[in-house]
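**Q** Quick one: this structure, given as structure tokens, is what I'll be asking you about.
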Amino acid sequence: MIRVGVLGAAGRMGRLVCQAVAEDPDLALVAGINPSFGGEHLGRMIGHPEVDVRISDELDTLLQAETEVAVDFTRPEVVMDNVRWAVEHAMHIVVGTTGIGSEQLAEISKLLEEEGNESNVIVAPNFAIGAVVLQRFAAMASPIFPAAEIIELHHEGKLDAPSGTAIATAERMAKARGEAWEGPTGESVDGVRGGEVAGIRIHSVRLPGLVAHQEVVFGGTGQTLSIRHDSMQRVSFMPGVILAVKEVIHRAGLTVGLEPLLGLDDEAGP
């Protein structure tokens, strides 16, 4: 039984993670951290009153609860502080909070080494397994259709644009394709052609009613190819989160993305 604590436990994603952990026979929900919700009964909040856990404001509660794996779904401005704390206290952590880029990943790797590699970290820009498969297919298509753009659509509460998933997709596509492609840059309205990551244009949409959606559109002579993934409900992320929680104990050091957990890492192909 793996003892799990959730940071951001009272948020939309945090509550779903807590519920998924509580319902998995191999996991035990032992702690929930969320500022301004201190003292509230987490079990009743997620529909599992038998889980006798009170939400705390303090990270030290994770230690008191003998947490083995922390799961972070907080905010971009605090996530790195939480990761540093976990590594410094030899606690494994799974990170789903957006905003962790290459500089932050390098810092995590360095910190793990400085702390003697006593804990492991998994950082994933997207826990929807279908989104991971989309990235794989997009990388496979990129050498054949180098002309491509990405459209990502999310709910209006998403704080970053483009999404971490879109950035990771663009970087993987750029690495896989044999030649660069540059579309027209003329704009009659500034920004209408989107932003650019690794030479690939990304268009971000933020609207109520959406959850998480991404489409990669490839263009070729007389043909197009579209690859799309839609998360209709946030519960779609839970199988990936639970997989990461169970795997992080066995994955030494820093693991980025779900691909290695699914056997889809770079050694297996594009």
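The values are calculated or read from the model by the stated rules, or taken from the named source; none is laboratory data. Worth saying up front: this structure is predicted, and the values here are computed from it rather than measured. Ideal geometry is used to build each Cβ from the backbone, glycine not excepted, and the neighbour counts take in all protein chains shown. Quick note on the areas: whole protein, heavy atoms, side chains included, nothing else; ligands and nucleic acids left out. Shrake-Rupley method; radii C 1.70, N 1.55, O 1.52, S 1.80 Å.
**Q** If you go through segment 79-91 one residue at a time, how many are of a type outside the set (K, R), surrounded by fewer than 20 Cβ atoms within 10 Å (Cβ to Cβ) and more than 15 Å from the chain's Cα centre (by Cα)? Step through it out loud before you land on a result.
**A** Quick first cut of segment 79-91, residues of a type outside the set (K, R) only: 79-83, 85-91.
Within this subset, residues satisfying the condition of being surrounded by fewer than 20 Cβ atoms within 10 Å (Cβ to Cβ) are 80-81, 85, 88-90.
From what's left, more than 15 Å from the chain's Cα centre (by Cα): 81, 85, 88-90.
Final tally of qualifying residues: 5.
**Q** Just to be sure before I move on: is V205 in contact (Cβ under 8 Å) with a residue 24 or more places away in the chain, of a type in the set (A, V, I, L, M) and open to solvent by less than 30 Å² (accessible area, probe 1.4 Å) in the structure I sent?
**A** The answer is no for V205.
**Q** If you don't mind, another one. Would you mind telling me which numbered condition in (1) open to solvent by 20 Å² or more (accessible area, probe 1.4 Å); (2) in a loop (DSSP other than H, G, I, E, B); (3) modelled with pLDDT under 95 E171 fails?
**A** So the condition that E171 fails would be (2).
**Q** Anything in segment 174-190 that is open to solvent by 40 Å² or more (accessible area, probe 1.4 Å) and in contact (Cβ under 8 Å) with a residue 12 or more places away in the chain? List them, or say none.
**A** Scanning segment 174-190 gives K175, G178, E179, A180, W181, E182.
**Q** Return the pair list, or none, for Cβ contacts closer than 6 Å from residues in segment 104-125 that are in a helix (DSSP H, G or I) to residues that are open to solvent by 10 Å² or more (accessible area, probe 1.4 Å), at least 6 apart or on different chains.
**A** Q104/M80; I108/L254; S109/L254; L112/G253
**Q** From the list R228, R251, pick out the single residue that is open to solvent by 60 Å² or more (accessible area, probe 1.4 Å), within 17 Å of A166 (Cα to Cα) and not small (G, A, S).
**A** Only one candidate qualifies: R228.
**Q** Can we say A9 is surrounded by 24 or more Cβ atoms within 10 Å (Cβ to Cβ), small (G, A, S) and touching a Cys at 6+ places or on another chain (Cβ under 8 Å)?
**A** It is true that A9 is surrounded by 24 or more Cβ atoms within 10 Å (Cβ to Cβ), small (G, A, S) and touching a Cys at 6+ places or on another chain (Cβ under 8 Å).
**Q** Look at R193 and say whether it is over 18 Å from A124 (Cβ atoms), open to solvent by less than 60 Å² (accessible area, probe 1.4 Å) and not in a strand (DSSP E or B).
**A** yes
**Q** So, in segment 208-225, of the ones that are closer than 15 Å to A138 by Cα and over 15 Å from the mean Cα position of the chain (by Cα), which residue ends up surrounded by the fewest Cβ atoms within 10 Å (Cβ to Cβ)?
**A** T224
**Q** Filter segment 87-103 for residues that are β-branched (V, I, T) and in a helix (DSSP H, G or I) and give the result.
**A** Our first condition is that a residue be β-branched (V, I, T); within segment 87-103, this holds for 87, 93-95, 97-98, 100.
V87, the sole residue that qualifies.
**Q** Report, by residue number, each residue of segment 126-168 that is of a type outside the set (D, E), assigned to a loop (DSSP other than H, G, I, E, B) and under 18 Å from the mean Cα position of the chain (by Cα).
**A** Within segment 126-168, N126, F127, A128, H155, G157, K158, L159, A161, P162, S163 meet the criteria.
**Q** Still on this model: Under 7 Å between Cβ atoms, at least 6 apart or on separate chains: pull out the pairs that start in segment 1-28 with a residue that is of a type in the set (K, R) and end on any residue that is assigned to a helix (DSSP H, G or I).
**A** Here the result reads R12/R234; R15/M45, each pair linking segment 1-28 to a residue that is assigned to a helix (DSSP H, G or I).
**Q** Can you tell me which residues in segment 132-152 are of a type in the set (A, V, I, L, M), out of contact with any Asp or Glu (no Cβ under 8 Å at 6 or more places or on another chain) and open to solvent by 20 Å² or more (accessible area, probe 1.4 Å)? Step through it out loud before you land on a result.
**A** Filtering segment 132-152 down to residues of a type in the set (A, V, I, L, M) leaves 132-134, 138-141, 144, 147-148, 150-151.
This time we only want the ones that are out of contact with any Asp or Glu (no Cβ under 8 Å at 6 or more places or on another chain), so: 133-134, 138-141, 144, 147-148.
Passing the criteria: V133, M140, I144.
**Q** Also, quick follow-up: Of the numbered conditions (1) open to solvent by 80 Å² or more (accessible area, probe 1.4 Å); (2) closer than 15 Å to M1 by Cβ; (3) not in a loop (DSSP other than H, G, I, E, B), P25 satisfies every one except a single condition; which is it?
**A** With (1) open to solvent by 80 Å² or more (accessible area, probe 1.4 Å); (2) closer than 15 Å to M1 by Cβ; (3) not in a loop (DSSP other than H, G, I, E, B) applied to P25, the lone miss is (3).
**Q** Can you give me the number of residues within segment 217-265 that are among the basic types (K, R), over 19 Å from L153 (Cβ atoms) and in a helix (DSSP H, G or I)?
**A** So the count comes out to 1.
**Q** Kindly establish whether V94 is surrounded by 22 or more Cβ atoms within 10 Å (Cβ to Cβ), modelled with pLDDT of 95 or more and farther than 13 Å from A168 by Cα. Walk me through how you get there before you give the answer.
**A** Details: surrounded by 22 or more Cβ atoms within 10 Å (Cβ to Cβ): yes; modelled with pLDDT of 95 or more: yes; farther than 13 Å from A168 by Cα: yes.
For V94, the condition - surrounded by 22 or more Cβ atoms within 10 Å (Cβ to Cβ), modelled with pLDDT of 95 or more and farther than 13 Å from A168 by Cα - is met.
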